[in-house]
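What follows is a short report on a single structure.
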Amino acid sequence: MKRYINILLISILLFGCSTDDFLEKLPPYEADLDGAITNAKTAELALIGVYSNLPSPGYNSVFTTSAGSFKAGTMRKPEWWTRGNAVYYYERYWPVLSGANDYDWAFDYELIKNANFLLSAVEGIDDFDGNRKDEVIGELHFLRAVAYERLMLRYAQYWDMDSHLGLIIRNELPGLGNVKLDRSSVAETYQVILDELDLAIEKCPDYSMCSQASKVAAKAYKTRVLFQMGRYSDCISMADEVLTHTENALAPDYSTVFTDWESTKEILFGRVYGASEIADLEYRITSFSSGKWGPSSNYINLLGDDPRYSTIIGDTVVVDYRYGTPGTVYKNPTVKKLVNSANDLPLIYMRTAEIYLLKAEAIYRSGGSFQDAYAPIAVIRNRAGADPVPHASQEEIETAICNEWLIEMSFENWHEYFALRRFGVEKLLERNDILKEALDKAIESGSDAEAQYRQRIDDRRILPIPSSEINGNPVEQNPGY
């Protein structure tokens, strides 16, 4: 077992074990697997370490948050901003569905690996109070489900239940015999995730805070997974079960979710940042409040006079001339939603509003009436003080549902990109003008070039399996990479 000591250095030793300073303290010692997790206290410490693997820590959180929005065309770097950090990283490439990175893959599989170690260790510990041992087991299974579901949406053909290109399932302690594993099918991967969530629903504690796994959060994730699988009737039933948790109802107003997130239980699960991490989040302010990254004009036009505008979009700011032409004054709107005055806004993985949207789309896709499909949308819009929108035809109800994803869930967790992909490439091209311009250039070059570029857009619905995996485990790469 000692050959795996390093795997525990993050999951056991990064943070303190008090829920009051969750994810804040750095213990001054190291330990190995054989001696570290021997009682309930050290198991709770290790559990906090597993949570710390949730994507993404501090500085890199801006990339986890924004990549999907760039791909969807809702977020943009100003065209005139061509120097300095404005061209850093992949912001030039995200809008044309390029520039993948390994962050999500590395963090999610690290989480799964550390959860496996702790599950193994907890089996031999008997000094937990009450049913806390079962709760810890439930939380670990929930975290594995979260990691697999995130990986599924980014790296596997999640929309095709018949596809063989699912995930690599690593639910055993690592050893020489399981370094090389084949990809499971999409159906097999979904079943693993459902099994994890069912166990989490059974064993997790009740909801107490958004940073901790809970029964209702597990039910919410199961709602999303059932939707992705096309099991719409089951999705609707599970959504209704989640919505019976009235303590997790929609916040009384939209802005509260972001300006005073601790006062609402609408956020069902998210990564909460401790005080020691706040300094690393300053890049979030730089990106979203300085005009470096802002909402696209296309997205601002979509918002129109929606009451949520003032929560989502911030002030137009004067941008540092160093990144444009000297002597020219540049102004750019900001994304207000992603920052708050304390700079401690969590990464929101799941909130109650998403359940309403999943229910609405599941009703529509299962052949329900347009009026029934619109009813959950009406709840969300009523909360926001927004007027009803047309929904009496197939085109109108599709537009109503898709646009509500783009407005209500904007910039949070790739929701805009996933919604536009579900409703078709033309919807994506309607919003992502940079991708549309690239396609138009291909069209000018002839039918073969157009076909190749359309195939590229189709292939790049998901990311490539990172070279960090394939170099040691030569699994089949996703098409187009």
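The values are calculated or read from the model by the stated rules, or taken from the named source; none is laboratory data. Here the structure is a predicted model, which is why all the values come from computation and not from measurement. Glycine gets a Cβ as well: all are built from the backbone with ideal geometry, and neighbour counts include every protein chain shown. Quick note on the areas: whole protein, heavy atoms, side chains included, nothing else; ligands and nucleic acids left out. Shrake-Rupley method; radii C 1.70, N 1.55, O 1.52, S 1.80 Å.
Whole-Hz Karplus ³J(HN,Hα) for the range 451-456, in order, using 6.51 cos²θ - 1.76 cosθ + 1.60 and θ = phi - 60°, x for Gly and Pro?
4, 5, 6, 5, 5, 4
Grab the beta carbon distance between A375 and E247, set R0 = 25 Å, and tell me the FRET efficiency rounded to 0.05. Write out the running numbers ahead of the final one.
Working: r = 22 Å, r/R0 = 0.88.
Efficiency, rounded to the nearest 0.05: 0.70.
What are the ³J(HN,Hα) values, in whole Hz, obtained from phi via the Karplus relation 6.51 cos²θ - 1.76 cosθ + 1.60 with θ = phi - 60°, for each residue of the range 354-363 in sequence order, with x given for Gly and Pro?
After applying 6.51 cos²θ - 1.76 cosθ + 1.60, I find 5, 5, 4, 5, 4, 5, 4, 5, 5, 4 Hz.
Per residue and in Å³, how big is the convex hull formed by the alpha-carbon atoms of the range 384-440? Don't skip to the end; give the middle numbers.
Numbers: hull volume 5.1 nm³, N = 57.
Spread over its residues, the Cα hull of the range 384-440 gives 90 Å³ apiece.
Kindly provide log₁₀ I(q)/I(0) values, in the same order as q = 0.13, 0.15, 0.19 Å⁻¹, from the Debye equation applied to equal alpha-carbon scatterers of the range 232-319.
-0.68, -0.86, -1.10
Would you mind checking which residues have amide H under 5 Å from L347's amide H? H placed 1.01 Å from N; only 5 or more apart, or other chain.
Those qualifying (amide H under 5 Å, at least 5 residues apart or on another chain) are R271.
Work out how much length E426 to H164 would gain on full extension: take 0.36 nm times their residue separation and subtract the Cα-Cα distance, in nm to one decimal. Please report the intermediate quantities before stating the final value.
Values: separation 262, 0.36 × 262 = 94.32 nm, distance 2.66 nm.
My answer for the length gained is 91.7 nm.
Provide Rg and Dmax in Å for the range 325-481, with only Cα atoms included in the calculation.
So, for the range 325-481, Rg and Dmax equal 19.8, 58 Å respectively.
Contact order normalised by length for the range 223-364, with contacts defined as Cα pairs under 8 Å and 6 or more residues apart; what percent is it?
Working: 190 pairs, mean separation 50.8, N = 142.
RCO, the range 223-364: 36 percent.
Report, ordered by chain and residue number, the lysines lying within cross-link reach of K292, taken as a straight Cα distance under 23 Å and ignoring same-chain residues fewer than 8 apart.
Counting by Cα, and skipping residues close in sequence, K292 has these lysines nearby: K71, K77, K331, K336, K337, K436.
Pull up all non-local amide H partners of M75: gap of 5 or more, or a different chain, and H-to-H distance under 5 Å with H placed in the peptide plane.
Here F70, S296 satisfy the definition.
Run the quick spin-label model on E444 and S237: label points 7 Å from Cα toward the beta carbon, then report their separation in nm to one decimal.
The answer from the label model is 5.5 nm.
Translational diffusion coefficient, Stokes-Einstein: compute it for the range 171-210 using the Kirkwood radius over C-alpha pairs as Rh, at 25 °C and 0.890 mPa s, and state it as an integer in µm² s⁻¹. Walk me through the numbers before you get to the answer.
Values: Rh = 12.7 Å.
Answer, rounded: 193 µm²/s.
Show that you can apply the helix-only estimate: for the chain, add -39,500 (n - 2.57) for every DSSP H stretch of four or more residues, divide by all residues, and state [θ] at 222 nm to the nearest 500.
Details: 21 runs with 231 residues, N = 481.
Here the helix-only value at 222 nm equals -14500 deg cm²/dmol.
With viscosity set to 1.002 mPa s and temperature to 20 °C, compute the Stokes-Einstein D of the range 402-481, Rh being the Kirkwood radius across alpha carbon pairs; µm²/s, no decimals.
Numbers: Rh = 14.4 Å.
Here the translational diffusion coefficient equals 149 µm²/s.
Give the relative contact order (percent, whole number) for the range 326-426; include only Cα pairs under 8 Å separated by 6+ residues.
Working: 79 pairs, mean separation 24.2, N = 101.
With pairs under 8 Å counted, the relative contact order is 24 percent.
How large is ³J(HN,Hα), in whole Hz, for each residue of the range 182-189 in order, when computed from phi with the Karplus curve 6.51 cos²θ - 1.76 cosθ + 1.60 and θ = phi - 60°, using x for Gly and Pro?
Values per residue, Gly and Pro as x: 6, 6, 7, 6, 4, 4, 5, 5 Hz.
Which of the three applies to the range 170-243, rounded, prolate or oblate, going by the alpha-carbon gyration tensor with a ≥ b ≥ c and a/c under 1.5 meaning rounded?
On the way: a/c = 3.44, a/b = 1.47, b/c = 2.35.
Oblate.
Between helix 103-122 and the chain, what is the angle of the helix's C-alpha long axis to the longest principal axis, kept within 0 to 90° and rounded to the nearest 10?
Its long axis makes an angle of about 20 degrees.
Would you kindly find the accessible area of D104, with a 1.4 Å probe and non-protein molecules such as ligands, DNA and RNA excluded, rounding to the nearest 10 Å²?
Around 20 Å² of this residue is reachable by solvent.
For the chain, what does the convex hull of the Cα positions come to per residue, in cubic angstrom?
Values: hull volume 74.1 nm³, N = 481.
Spread over its residues, the Cα hull of the chain gives 154 Å³ apiece.
Please compute the length gained on full extension between R456 and E262, using 0.36 nm multiplied by the number of residues separating them and subtracting their Cα-Cα distance. Before the final figure, lay out the partial values.
Working: separation 194, 0.36 × 194 = 69.84 nm, distance 4.23 nm.
Length gained, R456 through E262: 65.6 nm.
Could you pull the accessible area for S52 with a 1.4 Å probe, rounded to 10 Å²?
Taking all protein chains as shown, S52 has close to 10 Å².
At 7 Å along the Cα-to-beta-carbon direction for both R92 and T399, put a label point, then send me their distance in nm to one decimal.
About 3.7 nm, to one decimal.
With axes computed from alpha carbons, what is the tilt in degrees of helix 61-72 against the longest principal axis of the chain, rounded to the nearest 10 within 0 to 90?
40 degrees
Between S276 and A392, what is the spin-label point distance in nm, taking each point 7 Å from the Cα along the Cα→C-beta axis?
Those two pseudo-labels are separated by 6.1 nm.
For the peptides 413-419, 301-307, what is the packing order when you average, over each peptide's residues, the other Cβ atoms within 10 Å and list the highest mean first? Spell out each step's value before the answer.
Values: 413-419: 22.9, 301-307: 13.9.
So the order, starting with the most tightly packed, is 413-419, 301-307.
Which whole-number percent is the relative contact order of the chain (Cα, under 8 Å, 6+ apart)?
Details: 813 pairs, mean separation 86.3, N = 481.
This gives 18 percent for the chain.
Under 5 Å between amide hydrogens, which residues at least 5 positions from Y330 or on another chain qualify, with H placed 1.01 Å from N in the peptide plane?
HN-HN under 5 Å from Y330: V319.
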